[in-house]
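The values are calculated or read from the model by the stated rules, or taken from the named source; none is laboratory data. In this text, all values refer to a predicted model and were calculated from it rather than measured experimentally. Cβ sites come from the backbone with ideal geometry, for glycine too, and all protein chains shown count toward neighbours. Just the protein is used for accessible areas: all its heavy atoms, side chains included, with ligands, DNA and RNA removed. Shrake-Rupley method; radii C 1.70, N 1.55, O 1.52, S 1.80 Å.
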Amino acid sequence: MDLSQPHIAIRERTLLEIFDLTLHVYRDHWKNILAMLAINALPLVILNAVVCHVVHNSGGDLPTELLLSLLLIASQAQIGTLLITQYLGTALFAGKPTVGKTVRDFLGTSKSWIWNHGFLRMAVPIFGLVAAFHTDSIASVISLLVFAGTIRAFRPFISEILLLEKPPRKIPKDAPDRGITLKRRASDLHRGDVVAGFVMSCVIGGCLLVTVTSLFFHVDTAIGLNGAWDSPIHYVYWPLAAWLIASFLAVFRFLYYINTRITQEGWEIALKLMAEKQKLLAEDEY
């Protein structure tokens, strides 16, 4: 891993520049990103389909079932894109790592994401409510999702910290090197104007969701599948578009995390110093 030549230029950017860069990164890595999304999100897609469309019989109430599906995806988006974050963290310096390497690296990391995303950010409670009460749980699910969204807004980079920096949740008191805990690291990084990126990602993500879904229906009409706006094909088009947008926003969040480290910690300079150290150590070996 050559720290002196990152595959993304390490410099400070505005939010609009980060979104522009997101398009370029997604274009360059779309095959691997979609592969990671398929591996990561497929179990969630199956669970959501079973809970929303099989376990409960809503009498063909299509709008309500679609709303539940989208609420579940919104709550699970960060869990369903963890592999993308793992991939991008390696791709920043190592080009295009393989799918197998990314999955192995992910399986070797701490499972703290289960607690942080599954419970603190309400993915598991929201899924439990939908599984138990279905349409009667919509008001409670929306309330929990607003609460989880507030946590995400002020702590958006927890996936990147867990997977890429790997700080421990607790450090034994007798440890020779006290280091820094996950809580302390999250508190230090999430300073300044991190909420603006979350708000903008929600706005742009909502617009893209409608746009991509409309594109699916346009293509449907063009090739003669005759999928109408009130047909069961919604079960495919809307959730598929939502997961695609989730993968795009995962790329944006990673780049926003890098930009935040640059602006708050001078990571650009620190990276140059680490690259020089790496070069000196390589010269000493010769």
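Let me confirm something: among A250, A275, A270, A246, which residue is modelled with pLDDT under 75, under 25 Å from L189 (Cα atoms), touching a Leu at 6+ places or on another chain (Cβ under 9 Å) and assigned to a helix (DSSP H, G or I)? Quick ask: steps written out before the conclusion?
Working: A250 fails: modelled with pLDDT under 75; A270 fails: touching a Leu at 6+ places or on another chain (Cβ under 9 Å); A246 fails: modelled with pLDDT under 75.
Of A250, A275, A270, A246, the one residue that is modelled with pLDDT under 75, under 25 Å from L189 (Cα atoms), touching a Leu at 6+ places or on another chain (Cβ under 9 Å) and assigned to a helix (DSSP H, G or I) is A275.
Can you find, within the range 103-121, the residue that is surrounded by the fewest Cβ atoms within 10 Å (Cβ to Cβ) among those that are under 15 Å from the mean Cα position of the chain (by Cα) and over 16 Å from L88 (Cα atoms)? So that I can check it myself, show each step before the final result.
The initial filter retains those residues of the range 103-121 that are under 15 Å from the mean Cα position of the chain (by Cα), namely 106, 113-114, 116-118, 121.
Filter once more, so that each one left must be over 16 Å from L88 (Cα atoms): 113-114, 116-118, 121.
On the way: W113: 19, I114: 12, N116: 22, H117: 24, G118: 17, R121: 26.
So, considering only residues that are under 15 Å from the mean Cα position of the chain (by Cα) and over 16 Å from L88 (Cα atoms), the one surrounded by the fewest Cβ atoms within 10 Å (Cβ to Cβ) is I114.
How many of the residues in the range 139-171 are within 14 Å of the chain's Cα centre (by Cα), more than 18 Å from F119 (Cβ to Cβ) and in a loop (DSSP other than H, G, I, E, B)?
Within the range 139-171, residues that are within 14 Å of the chain's Cα centre (by Cα), more than 18 Å from F119 (Cβ to Cβ) and in a loop (DSSP other than H, G, I, E, B) number 1.
Can you list the helices (runs of 4 or more DSSP H) lying wholly within the range 1-119 that have 2 or more residues being modelled with pLDDT of 95 or more and under 26 Å from I151 (Cα atoms)? Reasoning before the result, please.
On the way: elements: 15-50, 62-76, 82-94, 99-107, 112-115.
Hits in the range 1-119: 15-50, 62-76, 82-94.
Confirm whether S140 is open to solvent by 50 Å² or more (accessible area, probe 1.4 Å), touching a helix residue (DSSP H, G or I) at 6+ places or on another chain (Cβ under 6 Å) and of a type outside the set (A, V, I, L, M).
In short, yes.
Within the range 122-131, can one find any residue that is modelled with pLDDT of 90 or more, touching a helix residue (DSSP H, G or I) at 6+ places or on another chain (Cβ under 6 Å), open to solvent by 10 Å² or more (accessible area, probe 1.4 Å) and not in a helix (DSSP H, G or I)?
So far as the range 122-131 goes, yes, one or more of its residues are modelled with pLDDT of 90 or more, touching a helix residue (DSSP H, G or I) at 6+ places or on another chain (Cβ under 6 Å), open to solvent by 10 Å² or more (accessible area, probe 1.4 Å) and not in a helix (DSSP H, G or I).
Among (1) modelled with pLDDT under 90; (2) part of a helix (DSSP H, G or I); (3) open to solvent by 30 Å² or more (accessible area, probe 1.4 Å), which single condition is N226 missing?
Of everything listed in (1) modelled with pLDDT under 90; (2) part of a helix (DSSP H, G or I); (3) open to solvent by 30 Å² or more (accessible area, probe 1.4 Å), N226 misses just condition (2).
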